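> One structure, pasted below without further comment.
Bear in mind these aren't lab numbers, they're just calculated from the coordinates by the rules spelled out. Because the structure is predicted, anything quoted here is derived from the model rather than measured. All Cβ positions, even for glycine, are placed from backbone atoms using ideal geometry, and neighbour counts span all protein chains on display.
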Amino acid sequence: SERAGVFNIRSFLKRVRRPAVAIPCIVVLVVLAALSFWFFNRQAKIRWAKDELLPRITQLAGVATVLDYIKLYQLAVEAEKLIPRDPQLSEILKNYSTRLSIITEPPGAKIFIKGYHEPEKEWAYLGVSPIENLRMPYEFLRFKMEKEGYESVLGASPSGKYDWINRKFIPGKILRKLDKSGGIPPGMVRVTGGEVEEIGKLDDFFMDRYEVTNRQYKEFIEKGGYQKKEYWKKKIIKDRRELSWEQAMAEFVDGTGRPGPATWQGGGYPEGQDDYPVSGNSRYEAAAYAEFAGKSLPTAYHWGIAQGELTDLIDNKFFSEFSVPQSNLKGKGTERVGSNPAITSYGLYDMGGNVREWCFNETPLGRLIRGGAWDDI
């Protein structure tokens, strides 16, 4: 029989020191060390996600307001990377996220977004339209659409809607038609029409992005707006009787008896307020200015559609937490149009606050007013 020989350590070490053997061994050891570190580090992160992050998310979900949804969603997405099949986390994501699609006609527009509550923040590039079923937190967004050769579109929208019957968020959709550059009247924006129960279908229409300014109204006066009957197409009624042309024009004067809004003095407005909204003009004067500008006062239905989907909200949170703080409802007087960051679904400014706005509709007490003013709160 034979017995195994003596192990020669010196010979083994000599062979190991050879580069052809040593280098692969070192590589293997480094890889094993790296894999071990990654494994144990990941296990530690998974335990942290289960033991600390998930309870924090669950606690926040119990008291979350609209502004908390974004933070809650971000934490849940962070946890999902570590514990993707956790049933509790899946339920939270289901309850506090939605799906958003953004479609433009034509397609191919660059889409940028930011939180409605962060008007000063830089735009974040989202992608090129169409964007389908993008998972997002429920939040109020500002969006911007840009395509070469077309007018840029600005607007705002919730990322989803809320189904009160089933108590869950449902997917949102933003659909906008893009107009070729120069294809819409200056200073106006396209508003998507829709079905109105009382009157049926309203086609798309254009509306001024800003309220009419003192400067614009001054031009109307200087070009004979109060001397040309063709602008004054409605019967002018006071105390239930119709006024003659001469009687009516005698009524529409400023504080010094010159033609113009009642708040003006000496045929003009305060210095430095060129771009402030005109105020103190009657519904008849507003309608005459619209005729002069080749436009018309909006009906209440047009005005409501232009204000848009931001009125379809949860517990009126949009108005209390977003719109009011960003509108001129401060009780300190009018401000330059567009200087407050609150915008509507179609990118119109100052539809809440600054000055009230005349609509075309008649009511038992006169023409309809919408929008609120700087002194309403």
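> May I ask you to order 262-268, 337-343, 199-205 by the average number of other C-beta atoms within 10 Å around their residues, highest value first?
Numbers: 262-268: 15.1, 337-343: 19.9, 199-205: 10.9.
Highest mean packing first, the order is 337-343, 262-268, 199-205.
> What ³J(HN,Hα) values, in whole Hz, does the Karplus curve 6.51 cos²θ - 1.76 cosθ + 1.60 give for the stretch 266-273 when θ = phi - 60°, with x put for Gly and Pro?
These are the phi-based 3J(HN,Hα) values: x, x, x, 10, x, 4, x, 10 Hz.
> Shifting gears a bit: On full extension of the chain, what length is gained from ASP203 through ASP375, given 0.36 nm per residue of separation minus the C-alpha to C-alpha distance? The partial results should precede the final answer.
Numbers: separation 172, 0.36 × 172 = 61.92 nm, distance 3.41 nm.
So the extension gain works out to 58.5 nm.
> Here's another thing I want to ask about it. So if I place +1 on the C-beta of Lys and Arg and -1 on the C-beta of Asp and Glu, and nothing else carries charge, what would the dipole magnitude of the stretch 112-252 be about its Cα centre? I want it in debye, nearest 20. Before the final figure, lay out the partial values.
Values: 27 positive and 24 negative charges, 29 e Å.
With Lys and Arg at +1 and Asp and Glu at -1, about 140 debye.
> Same structure, new question: Tell me, what HN-Hα J-couplings in whole Hz come from the Karplus equation 6.51 cos²θ - 1.76 cosθ + 1.60 at θ = phi - 60° for each residue of the stretch 57-72, using x for Gly and Pro?
Taking θ as phi minus 60°, the curve returns 5, 4, 5, 5, 4, x, 10, 5, 9, 4, 5, 7, 4, 5, 4, 4 Hz for the stretch 57-72.
> Enumerate the amide H contacts of TRP264 below 5 Å, restricted to partners 5 or more residues apart or on another chain; note that Pro and chain-start residues carry no placed amide H.
GLY255
> Sticking with this structure for a sec: When the Karplus curve 6.51 cos²θ - 1.76 cosθ + 1.60 is applied with θ = phi - 60°, which whole-Hz ³J(HN,Hα) does each residue of the stretch 349-357 get, with x for Gly and Pro?
Couplings: 9, 6, 6, x, x, 6, 10, 6, 10 Hz.
> Moving on to the next point. Quick one: dipole size for the stretch 176-267, taken about the Cα centre, charges +1 on Lys/Arg Cβ and -1 on Asp/Glu Cβ, in debye to the nearest 20.
Values: 18 positive and 16 negative charges, 48 e Å.
Approximately 240 debye in magnitude.
> Which trypsin sites (Lys or Arg not before Pro) does the stretch 62-148 hold that lie in a coil by DSSP with at most 11 other beta carbons within 10 Å?
Values: sites: LYS71, LYS81, ARG85, LYS94, ARG99, LYS110, LYS114, LYS121, ARG135, ARG142, LYS144, LYS147; in loops: LYS81, ARG85, LYS121, LYS147.
The qualifying sites are LYS81, ARG85, LYS121.
> Follow-up. Taking amide H positions as placed 1.01 Å from N in the peptide plane, with prolines and chain starts having none, which residues 5 or more places from LEU178, or on another chain, fall under 5 Å of its amide H?
GLU105
> Give the residues of the stretch 69-99 whose amide nitrogen is closer than 14 Å to a point set 7 Å from the Cα of TRP48 in the direction of its Cβ.
Flagged as within label range: 78-83.
> Would you pull out the residues with amide H under 5 Å of GLY155's amide H, same chain only if 5 or more places away, H placed 1.01 Å from N?
PHE143
> Next up: List the GluC sites (Glu not before Pro) within the stretch 82-169 that DSSP assigns to loop and that have no more than 13 neighbouring Cβ atoms inside 10 Å.
On the way: sites: GLU91, GLU120, GLU122, GLU132, GLU139, GLU146, GLU148, GLU151; in loops: GLU120, GLU122, GLU139, GLU148, GLU151.
In loop regions of the stretch 82-169 (DSSP not H, G, I, E or B), the sparsely surrounded GluC sites (Glu not before Pro) are GLU120, GLU122, GLU148.
> Something else: Using DSSP to define loop residues, name the GluC sites (Glu not before Pro) in the stretch 244-276 whose beta-carbon has at most 10 other beta-carbon atoms within 10 Å. If you can, show how the numbers build up before the last one.
Working: sites: GLU246, GLU251, GLU271; in loops: GLU271.
Taking the stretch 244-276 and a limit of 10 other Cβ atoms within 10 Å, the loop GluC sites (Glu not before Pro) found are GLU271.
> Could you give the size of the charge dipole of the stretch 103-158 about its Cα centre, using +1 on the Cβ of each K and R and -1 on the Cβ of each D and E, expressed in debye and rounded to the nearest 20? All intermediate terms of the calculation are to be shown ahead of the outcome.
Details: 7 positive and 9 negative charges, 23 e Å.
Here the stretch 103-158 has a charge dipole of around 120 debye.
> At a Cα cut-off below 22 Å, give the lysines reachable from LYS110, other chains included and same-chain residues fewer than 8 away excluded.
Counting by Cα, and skipping residues close in sequence, LYS110 has these lysines nearby: LYS121, LYS144, LYS147, LYS173, LYS177, LYS180.
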